[in-house]
Amino acid sequence: MLTDDAVLTEFRDAGALLEGHFILSSGNHSTAYLQCARVLMDAKRAERLCAALAGKIRAAGLADGIDLVVSPAMGGVVVGYEMGRQLGLPAIFFERVDGAFALRRGFRIEKGQRCIMVEDVVTTGLSSRECIEAAEAAGGTVVAAASLVDRSGGRAKLPVPFVPLIRLDIPIFPPDQIPASVKGIAAVKPGSRGLKV
């Protein structure tokens, strides 16, 4: 098991814990951003982090009887693949098509397959909830969710048991409530939700 300090060290060492002014996928603003793609680009680091997350899922008693790992693209693709490897399960991902999650590339879910939804970072939980709904609409039964980071401090509400590797409480600000100290910093939008496919 990795301690929270060890997890944060992995992010810092990868240059993945960014500070400044960021516009999140939700449209909210923050002074910190976790760029999981930088952490996951190192296969050994991804393996360490996902092995620790798999250990937490097993310790919570949520790994038994799972058939499939499902993830939302883009952020969940690599972490979903590695979690599938760690749990010995196939892994598929949903992509946004006209703004809604859909299965492509020949992926499908057999009726009744028990799924775990895996994300890189959960902030509001919107993408996670949408992915869970899409998996269930495709015939699956989502029994648990997991992520490398829960940056909501535990406030994100998911309809299934949720296991993050680390839980952080990083403030977020609605667009109309950005503090003056943050407004003076040029905003960057690093997420992928607004990309056209």
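The values are calculated or read from the model by the stated rules, or taken from the named source; none is laboratory data. Computed from a predicted model, the values in this text were never measured in an experiment. Ligands, DNA and RNA are excluded from the accessible area calculation, which covers all protein heavy atoms including side chains. Shrake-Rupley method; radii C 1.70, N 1.55, O 1.52, S 1.80 Å.
Against the chain, whose longest principal axis comes from its Cα atoms, helix 43-59 is set at around 70 degrees. Tilt of helix 76-87 relative to the longest C-alpha principal axis of the chain, in degrees (0 to 90, nearest 10)? Once rounded, the angle reads 40 degrees. Against the chain, whose longest principal axis comes from its Cα atoms, helix 126-137 is set at around 20 degrees.
For the range 62-71, 3J(HN,Hα) computed residue by residue from phi via the Karplus equation (6.51, -1.76, 1.60; θ = phi - 60°) reads 9, 7, 5, x, 7, 9, 7, 9, 10, 9 Hz, glycine and proline entered as x. Is the shape of the range 1-159 rounded, prolate or oblate, going by the alpha carbon gyration tensor and its root eigenvalues a ≥ b ≥ c, with a/c under 1.5 for rounded and a/b larger than b/c for prolate? Verdict is oblate for the range 1-159.
What a 1.4 Å probe finds exposed on the range 105-171 is 49% carbon and sulfur by accessible area, rounded to a whole percent. Pairs from the list LYS157/LYS189; LYS111/LYS189; LYS56/LYS189 with a Cα-Cα gap above 29 Å: LYS111/LYS189; LYS56/LYS189.
For the chain, adding -39500 (n - 2.57) for each run of n ≥ 4 DSSP H residues and dividing by the number of residues yields -9000 deg cm²/dmol at 222 nm.
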